[in-house]
1. Go ahead and estimate [θ] at 222 nm for the chain from helices alone: -39,500 (n - 2.57) per DSSP H run with n ≥ 4, summed, over the residue count, rounded to 500.
2. Probe of 1.4 angstrom, ligands and nucleic acids ignored: what's the accessible area per residue over segment 97-138, in square angstrom?
3. Round to the nearest 10 and report in Å² the accessible area of THR115, as given by a 1.4 Å probe over the protein chains' heavy atoms.
4. Determine the share of the chain's accessible area contributed by carbon and sulfur atoms, expressed in whole percent, with a 1.4 angstrom probe.
5. Answer with one residue from MET114, GLY80, VAL95: the one whose Cα lies farthest towards the positive end of the charge dipole of segment 15-143, charges on Cβ with Lys, Arg +1 and Asp, Glu -1.
6. Stretch LEU58-ILE129 to full length: gain in nm at 0.36 nm per residue minus the Cα-Cα span?
7. What is the set of long-range amide H partners of ASN65 at a cut-off below 5 Å, with H atoms built 1.01 Å from backbone N?
8. Quick one: angle between helix 2-20 and the longest Cα principal axis of the chain, in degrees between 0 and 90, rounded to 10, please.
Amino acid sequence: MMRSLLASALSLACVSAMAQMSPVGLWQTINDETGKPQSEVTLTEAGGIISGTVTKSLVPSKEPNCVKCTDERKDKPKLGMEIIRGAKKSETQDVWVDGNILDPNNGTIYKLKMTPIEGGSKLEVRGFIGIALLGRTQTWVRIP
């Protein structure tokens, strides 16, 4: 009986740790220029595709709407905006690619690469144009 309980507990711990290597969850974005928290983004998964929505702003914005957006998000509120679209897990590693990320402050849409790090407690979010060398990376912090 004791062995069975111990095996179950270990199994649950392993499943929990593996689930944390997914980007799904609530994240605090950190500005890569200032190092300060900027917003909270919720990442969800449906049919193997990750999307992300701004759920809370931590910094007052001079412009609450995305006036520089060039797609259907133009002039829509940044709060509640879907900024990550179409990310899929790589078949060979714990990296999500093939999607895009919108910077609602400048309206630019970047290609996207997301990599859970530090056991899934942080997420490297890389936005780039063209080849992956031309871009910038933010490290987001998971909110439990």
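The values are calculated or read from the model by the stated rules, or taken from the named source; none is laboratory data. For clarity, every value in this text was computed on a predicted model and none was experimentally measured. With ideal geometry, Cβ positions are generated from the backbone for all residues, glycine too; neighbour counts draw on all protein chains shown. Accessible surface areas use protein heavy atoms only, side chains included; no ligands, DNA or RNA. Shrake-Rupley method; radii C 1.70, N 1.55, O 1.52, S 1.80 Å.
1. Details: 1 runs with 19 residues, N = 144.
That calculation yields -4500 deg cm²/dmol at 222 nm.
2. Values: 2100 Å² over 42 residues.
Value returned for segment 97-138: 50 Å² of accessible area per residue.
3. Using a 1.4 Å probe on the heavy atoms, I get roughly 30 Å².
4. Values: 5250 of 8760 Å².
Heavy-atom surface of the chain belonging to carbon and sulfur, 1.4 Å probe: 60 percent.
5. Farthest towards the positive pole: GLY80.
6. Numbers: separation 71, 0.36 × 71 = 25.56 nm, distance 2.69 nm.
Length difference between fully extended and current span is 22.9 nm.
7. Excluding prolines and chain starts, which carry no amide H, the hits are LYS78.
8. Long axis of 2-20 versus the principal axis of the chain: about 10 degrees.
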